[in-house]
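Colleague: Dropping the structure in here first, questions after.
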Amino acid sequence: MAGTRAGGPPISHDVADLSLAEEGEARIEWAAGQMPVLAQIRDRFENERPLAGISVAACLHVTAETACLMRALQAGGATAALCSANPLSTQDDVAAALVLADGVEVRARRGESTDEYVEHVLALLEGAPQITLDDGADLLATSHARGGEALERLIGGTEETTTGLVRLRRLQEQGGLRCPVLAVNEARTERALNDRHGTGQSALDGIVRASNVLLAGLTVVILGYGWAGQGVAERARGAGAAVIVCEVDPLRALEARMAGYEVMPALAAAERGDLFITVTGSRRVLRREHFERMRDGVLLANAGHFDVELDLAELDDLAGGNVRAVRPLVSEYRLPDGRRLNLLAHGRVVNLAAAEGHPAAVMDVSFALQALAVEALVRDGGSLGPGVHPVSPEIDREVGRLKLAALGVQIDEPTDEQTQYLSSWGGGSGA
Ligand SMILES: NC(=O)c1ccc[n+]([C@@H]2O[C@H](COP(=O)([O-])OP(=O)(O)OC[C@H]3O[C@@H](n4cnc5c(N)ncnc54)[C@H](O)[C@@H]3O)[C@@H](O)[C@H]2O)c1
């Protein structure tokens with residue numbers, strides 16, 4: 001389908017309703033007001049045009065914050081195409097605004113089917129982008145699976161989430177990764193803000209919006225105490241819940257115990273929890289044997305990237321197909337003995353499917369890193385070589401510095417004496 005970009009050529013797109021563009025614009029403006037770091041990068045890009053002539057394809061959540069990133073990349077001179085990393089996270093009004101106001105080739109509709117999702121990914125790759133931005137590695141994995149021009153023209157890609165990096169590292173181990181990938185997800189600034197504060201707050205936000213449950217007094221079971229799980233656990237405790245952590249990694253389990261949480265196997269927790277949140281990046285973390293032990297009325301949510309952490313086929317089988325929607329994003333599975341297990345947001349990533357993902361102030365940091373990572377790939381991609389690479393410490397420090405400045409926070413510089421002391425091996429006690 002072709003849209004009608006104001007003053008420009010028609011843009012090929014597949015969005016739900018272009019008449020929503022005005023609402024989308026208001027939503028983007030609101031987000032932009034909370035993204036001062038990305039705004040500064042956009043201003044510099046506008047002057048320096050470091051991405052002139054570069055084609056960028058992004059498979060990210062189609063939200064107002066992502067719109068701000070697309071605008072920054074375009075300000076740098078790139079042409080941008082966007083599809084959604086999750087069928088339930090698309091903001092249709094934002095998609096419309098990006099097509100009409102910015103001429104971005106958007107292919108995303110809230111609630112799109114898996115087939116439509118795949119079509120959208122393939123359509124973006126047909127444009128043979130030079131840079132990809134992924135949240136779950138679907139663009140890069142698909143371009144590697146298909147080969148051909150889409151792969152040959154690639155300068156490199158960036159990856160926004162743990163699950164995507166796991167996939168790309170497997171590809172690298174098998175000798176198949178053909179371009180450099182910058183692991184935005186593992187930058188220090190990203191870890192500090194995105195996973196802990198962003199997921200921590202927004203996963204609970206999604207759960208509360210979907211169910212209207214009071215968190216205080218609940219027993220919340222967090223499965224997976226990684227970067228994201230730690231944030232969710234901390235926020236749940238802060239809201240007055242008793243938190244149980246289930247882990248498979250002894251060090252992470254130890255950290256959870258030392259942070260004051262109860263730690264136990266998932267089978268034991270299944271009998272205790274009121275609300276279960278998976279955030280592992282693995283699959284079938286909660287399955288039949290767990291569902292069978294759960295109490296009447298429990299809530300089940302997933303904050304991991306893919307909807308495979310809860311075994312929904314087994315849940316459906318256990319309920320004998322006796323499922324009904326009791327609220328827009330709550331499906332009640334009634335077991336033969338009358339117990340009801342309530343699944344939120346169809347087991348999809350709950351902070352995006354039932355809320356708005358990370359707040360804009362968090363995505364400010366993530367997308368500032370993304371923008372600088374794209375610039376670095378265009379500048380240095382040739383010398384990086386195929387493989388997953390860290391985001392450089394310079395980029396990390398720059399984003400940290402800009403975010404602190406935006407918050408009005410000043411910090412000390414080490415004195416010359418301290419710098420010298422820390423860089424020498426000679427000075428022990430008293431030296
Ligand atoms: N919803 C969001 O906004 C959001 C944000 C960041 C990450 N994620 C996703 O959340 C998942 C976890 O990300 P992360 O950065 O915290 O990863 P991580 O690797 O830091 O943590 C995952 C943890 O889960 C544990 N785990 C694995 N299998 C388990 C099992 N069967 N039972 C209990 N624990 C298990 C691992 O030992 C690990 O400690 C990924 O899918 C990631 O893409 C989502």
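Colleague: Mind checking which of Val285, Val213, Val349 has the largest fluctuation in a GNM of the chain, springs on alpha carbons under 10 Å?
Modeller: Of Val285, Val213, Val349, the most mobile in the Gaussian network model is Val213.
Colleague: Here's a follow-up. Dipole of the stretch 266-420, Cα-centred, from +1 at each Lys and Arg C-beta and -1 at each Asp and Glu C-beta, to the nearest 20 debye? Kindly include the intermediate steps, with their values, before the conclusion.
Modeller: Numbers: 17 positive and 24 negative charges, 179 e Å.
Dipole of the stretch 266-420, to the nearest 20 debye: 860 debye.
Colleague: Give, rounded to the nearest 20 debye, the magnitude of the charge dipole that the stretch 1-145 has about its Cα centre when Lys and Arg contribute +1 at Cβ and Asp and Glu contribute -1 at Cβ. Numbers along the way, then the final one.
Modeller: Details: 9 positive and 22 negative charges, 87 e Å.
For this selection, approximately 420 debye.
Colleague: How big is the antiparallel share of DSSP beta bridges in the chain, given as a percent to the nearest 5?
Modeller: Working: 10 of 54 bridges.
Beta bridges within the chain, antiparallel portion: roughly 20 percent.
Colleague: Oh, and also: Could you point to the residue in Gly77, Leu133, Leu18 farthest towards the positive end of the stretch 5-139's charge dipole, with +1 and -1 charges on the Cβ of Lys/Arg and Asp/Glu respectively?
Modeller: My answer, from the dipole projection, is Gly77.
Colleague: Please calculate how many Å² of accessible area the stretch 239-314 carries per residue, with a 1.4 Å probe and no DNA, RNA or ligand atoms counted.
Modeller: Details: 3490 Å² over 76 residues.
Accessible surface, normalised per residue, equals 46 Å².
Colleague: Contour minus end-to-end for Ala26 and Arg283, with contour as 0.36 nm per residue of separation and end-to-end as the Cα-Cα distance? Intermediate values should be presented prior to the final figure.
Modeller: Details: separation 257, 0.36 × 257 = 92.52 nm, distance 3.81 nm.
The span from Ala26 to Arg283 would gain 88.7 nm if fully extended.
Colleague: Rolling a 1.4 Å sphere over the protein heavy atoms, what is the accessible area per residue of the stretch 108-229, to the nearest Å²?
Modeller: Working: 4800 Å² over 122 residues.
I get 39 Å² per residue for the stretch 108-229.
Colleague: Here's another thing I want to ask about it. Let me know the charge dipole size of the chain about its Cα centre in debye, to the nearest 20, where only the beta-carbon of Lys, Arg (+1) and Asp, Glu (-1) is charged. List each step's numbers first, then the result.
Modeller: Numbers: 40 positive and 60 negative charges, 158 e Å.
Here the chain has a charge dipole of around 760 debye.
Colleague: What is the percent carbon and sulfur in the accessible area of the chain, measuring with a 1.4 Å probe over the protein chains and ignoring ligands?
Modeller: On the way: 9520 of 19000 Å².
Carbon with sulfur: 50 percent of the solvent-accessible area.
Colleague: For a test of the definition: using alpha carbon positions, the gyration tensor, and the 1.5 limit on a/c, classify the chain as rounded, prolate or oblate. Write out the running numbers ahead of the final one.
Modeller: Values: a/c = 1.72, a/b = 1.18, b/c = 1.45.
Oblate, because a/c is 1.5 or more while a/b does not exceed b/c.
The values are calculated or read from the model by the stated rules, or taken from the named source; none is laboratory data. Bear in mind the structure is a predicted one, so any value in this text is a computation, not a measurement. Reconstructed Cβ throughout: ideal geometry from the backbone, glycine too, with neighbour counts over all protein chains shown. With ligands, DNA and RNA removed, areas are computed over all heavy atoms of the protein, side chains included. Shrake-Rupley method; radii C 1.70, N 1.55, O 1.52, S 1.80 Å.
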